[in-house]
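Participant: Below you'll find the structure I mean.
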Amino acid sequence: MKSLRNTGAYERYRQEHARCLGEAVEEFRTAKNLTRNEVAMRANVSVRWIRRLETNRLHTNYTIRRLDQVAGAIGVELYDLYERAGEMTGPPPWLKAEGIQNDE
């Protein structure tokens, strides 16, 4: 298999997954009737950071730990955020192209 990190498809998928991850955060937050301010205070991050995460305007890397803090502040597991983002994004194009099925 080719190195995926050097392909345009990988980069586009990574960007789309990051966008969907932010949408998942907003979706769970609003479903629980929480404001960005409440989540930010509980997660010990800034409201600006939450807003940038939800609108896909973060231009720096962030840690799993920070995202786990946000998930906990919302009242969901980190897995739930990634699962929802994965549902929104769909399978990576290189898995579709190779005909690899999801083994659920």
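Participant: Can you confirm whether the range 5-12 contains a residue that is in a helix (DSSP H, G or I), out of contact with any helix residue (DSSP H, G or I) (no Cβ under 6 Å at 6 or more places or on another chain) and either modelled with pLDDT of 95 or more or closer than 23 Å to Val76 by Cα (or both)?
Facilitator: No, the range 5-12 has no match at all.
Participant: Continuing with this model, one more query. List the residue pairs whose Cβ atoms are under 6 Å apart, where the first residue sits in the range 6-18 and is surrounded by 14 or more Cβ atoms within 10 Å (Cβ to Cβ), the second is part of a helix (DSSP H, G or I) and small (Gly, Ala, Ser), and the two are 6 or more positions apart or on different chains.
Facilitator: Correct list of pairs: His17/Ala85.
Participant: What is the one condition in (1) under 30 Å from Ala9 (Cα atoms); (2) surrounded by 14 or more Cβ atoms within 10 Å (Cβ to Cβ) that Arg57 does not satisfy?
Facilitator: Result: Arg57 passes all but (2).
Participant: Could you tell me how many of the residues in the range 20-46 are surrounded by 15 or more Cβ atoms within 10 Å (Cβ to Cβ), of a type outside the set (A, V, I, L, M, F, W, C) and either over 11 Å from Ile74 (Cα atoms) or in contact with a Ser or Thr (Cβ under 7 Å, 6 or more places away or on another chain) (or both)?
Facilitator: Summing the residues that are surrounded by 15 or more Cβ atoms within 10 Å (Cβ to Cβ), of a type outside the set (A, V, I, L, M, F, W, C) and either over 11 Å from Ile74 (Cα atoms) or in contact with a Ser or Thr (Cβ under 7 Å, 6 or more places away or on another chain) (or both) in the range 20-46 gives 2.
Participant: Would you confirm whether or not the range 85-100 contains a residue that is exposed (fewer than 13 other Cβ atoms within 10 Å of the Cβ), more than 13 Å from Val39 (Cβ to Cβ), at pLDDT 80 or above and among the polar types (S, T, N, Q)?
Facilitator: no
Participant: Within the range 35-58, restricting attention to residues that are more than 9 Å from Gly22 (Cα to Cα) and among the hydroxyl-bearing types (Ser, Thr, Tyr), which residue is modelled with the highest pLDDT?
Facilitator: Per the criteria, the residue is Thr35.
The values are calculated or read from the model by the stated rules, or taken from the named source; none is laboratory data. All values reported here derive from a predicted model rather than from experimental measurement. As a convention, Cβ positions derive from the backbone with ideal geometry for all residues, glycine included, and neighbour counts pool all protein chains shown.
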